[in-house]
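The values are calculated or read from the model by the stated rules, or taken from the named source; none is laboratory data. Everything quoted here is computed from the prediction, not taken from an experiment. Every residue, glycine among them, receives a Cβ derived from its backbone with ideal geometry; neighbour counts consider all protein chains shown.
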Amino acid sequence: MSVRRLAEENVQPAAFAFSKDNAVWAKATIKKYPKGREQSAVIPLLMRAQEQDGWVTKAAIESVADMLAMPYIRVLEVATFYTQFQLKPVGTRAHVQVCGTTPCMLRGSEDLISLCKKRIHPNPLTPNEAGTLSWEEVECQGTCVNAPMVMIFKDTYEDLTVPQLEYIIDRFDAGKGSDVKPGPQIDRIFSAPVGGPTTLLAPEKKAAAPRAKKASDSAAVSVPPSYAARPKTDAPETDPTLKTPATAKAESAANDKIAGDTKAEGGAKAAVAVAKPSLEDKNRPAGIAKPDAPDDLKLISGVGPKIEGTLHELGIFTFAQVAGWKKAERDWVDGYLNFKGRIERDDWVKQAKALAKGGEAEYIKVFGKKPR
């Protein structure tokens, strides 16, 4: 672990005092701990001091020590041990902590660090000329699934590319960091798989064809495979898990009939599901001849290579076309693609308007993330 020291005396303030609200909060926090254990509040108090002034000063360490009746050296030990405490002045608008641990490194964090060196300062923990920005490389911050990532204040920004991080830095430097939504910067919900869940999905329920029950059917009751495969034991012959050849044959015939009826029913449902609206429908969006340089429709979230090919077959080649779709036209395309409302959920029109207006730069400005 590297040596961590307090900032030079010439940058240390002469005194420290919690603001009125923070002083009330500090007293309430200390009271949360049992009598004689008040010193356990040292970390939250130091964090609140850092949030107030931007970094942990020598005066703040001494003030917290006095509040908790601790020797100065004890609070200094805590402040210098935990890297979450900044012991020197950092950027007033953003201190960018870039994760450099293996998952993030494999996903491009070195490029993010290079951007910070170029955009902020060549050296870590050194504010830029205006004093508004600083950066440092840190260890794992717990969003490995969404690597690479950075942390600014208490928020994480994940699934980053160099252009996305540059946009985020620019917004914070302009005092508009609240415009950027924390979390994944791609089409992902928290740490779920890109594109949605792929496992533990609920299977479709298929209704079995009803049949009349007879007294002779008692031997043909469907039995879980784990029971059917169970070896013979000392159980009495009345044990339902033991079957005679005749019983097994009857059960097999009955189950085959049920499976056949279910398959037929499922086929009928599938035939209904794939029915598409007519190409002659008046609500079909107007197509155009393929331009020399068609837009990359795959930049719209929800459009992949196959869907883009289908849209091309319909004469849809530009963002402007999609941006101009009316409700009836969107419903027609949704039905033709069998999307079940996905066009509205993904808001293709809003995405297309941004892309048509200013490309990826406008998309990032509107949605706070890079398309796709």
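Side notes on the structure shown:
- Cβ separations smaller than 7 Å between residues 6+ apart or across chains give the following pairs from region 156-181 residues that are in contact (Cβ under 8 Å) with a residue 24 or more places away in the chain to residues that are assigned to a helix (DSSP H, G or I) and surrounded by fewer than 18 Cβ atoms within 10 Å (Cβ to Cβ): V162/D111; E166/R119; I169/R119.
- Note on region 64-73: residues that are surrounded by fewer than 19 Cβ atoms within 10 Å (Cβ to Cβ), in contact with a helix residue (DSSP H, G or I) (Cβ under 8 Å, 6 or more places away or on another chain) and under 24 Å from V90 (Cα atoms) amount to 1.
- For region 90-110, a tally of residues being surrounded by fewer than 18 Cβ atoms within 10 Å (Cβ to Cβ), among the polar types (S, T, N, Q) and not in a loop (DSSP other than H, G, I, E, B) returns 1.
- Meets criteria (more than 21 Å from P89 (Cβ to Cβ), part of a loop (DSSP other than H, G, I, E, B) and not aliphatic (A, V, I, L, M)) for D187: yes
- If only residues of region 246-274 that are surrounded by 10 or more Cβ atoms within 10 Å (Cβ to Cβ) and either assigned to a loop (DSSP other than H, G, I, E, B) or among the polar types (S, T, N, Q) (or both) are counted, the one that is modelled with the lowest pLDDT is T247.
- Restricting attention to region 152-163, the residues being surrounded by 20 or more Cβ atoms within 10 Å (Cβ to Cβ) and either more than 17 Å from L133 (Cβ to Cβ) or not hydroxyl-bearing (S, T, Y) (or both) number 4.
- Some residue of region 43-50 being surrounded by fewer than 18 Cβ atoms within 10 Å (Cβ to Cβ), small (G, A, S) and modelled with pLDDT of 95 or more: no
- Restricting the first member to region 281-301 and to residues that are over 17 Å from G358 (Cβ atoms), and the second to residues that are of a type in the set (A, V, I, L, M), the beta-carbon pairs closer than 6 Å and six or more apart or on different chains are N283/A328; G287/L314.
- For E38: the one exception among (1) touching a residue at least 24 places away in the same chain (Cβ under 8 Å); (2) more than 36 Å from the chain's Cα centre (by Cα); (3) surrounded by 18 or more Cβ atoms within 10 Å (Cβ to Cβ): (3)
- All conditions but one from (1) outside any loop (DSSP other than H, G, I, E, B); (2) crowded, with 18+ Cβ neighbours inside 10 Å apply to V56; the one that does not is (1).
- Just one residue in the set P291, P277, P371 is exposed (fewer than 14 other Cβ atoms within 10 Å of the Cβ) and part of a loop (DSSP other than H, G, I, E, B); that residue is P291.
- Number of the exception - N128 against (1) assigned to a helix (DSSP H, G or I); (2) within 33 Å of the chain's Cα centre (by Cα); (3) over 18 Å from R5 (Cα atoms): (1)
- For region 318-345, residues that are at negative phi and touching a residue at least 60 places away in the same chain (Cβ under 8 Å) total 1.
- The number of residues in region 1-22 being part of a helix (DSSP H, G or I), exposed (fewer than 13 other Cβ atoms within 10 Å of the Cβ) and not β-branched (V, I, T) comes to 4.
- Scanning region 152-161 for residues that are within 18 Å of the chain's Cα centre (by Cα) and hydrophobic (A, V, I, L, M, F, W, C) returns I152, L160.
The rows are residues; the columns are (1) of a type in the set (D, E); (2) within 25 Å of L87 (Cα to Cα); (3) modelled with pLDDT of 95 or more; (4) in a loop (DSSP other than H, G, I, E, B).
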| site | (1), (2), (3), (4) |
| --- | --- |
| L112 | no, yes, yes, no |
| K117 | no, yes, yes, no |
| H121 | no, yes, yes, yes |
| C140 | no, yes, no, yes |
| V145 | no, no, no, no |
| P163 | no, no, no, no |
| G175 | no, yes, no, yes |
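- Where L314 falls short, out of the listed (1) closer than 30 Å to I169 by Cβ; (2) modelled with pLDDT of 90 or more: (1)
- Condition check for K340: modelled with pLDDT of 90 or more and exposed (fewer than 14 other Cβ atoms within 10 Å of the Cβ): no
- Meets criteria (more than 26 Å from K176 (Cβ to Cβ) and buried (at least 22 other Cβ atoms within 10 Å of the Cβ)) for V78: no
- Where T80 falls short, out of the listed (1) of a type in the set (V, I, T); (2) part of a helix (DSSP H, G or I); (3) in contact with a helix residue (DSSP H, G or I) (Cβ under 9 Å, 6 or more places away or on another chain); (4) under 19 Å from Q97 (Cα atoms): (3)
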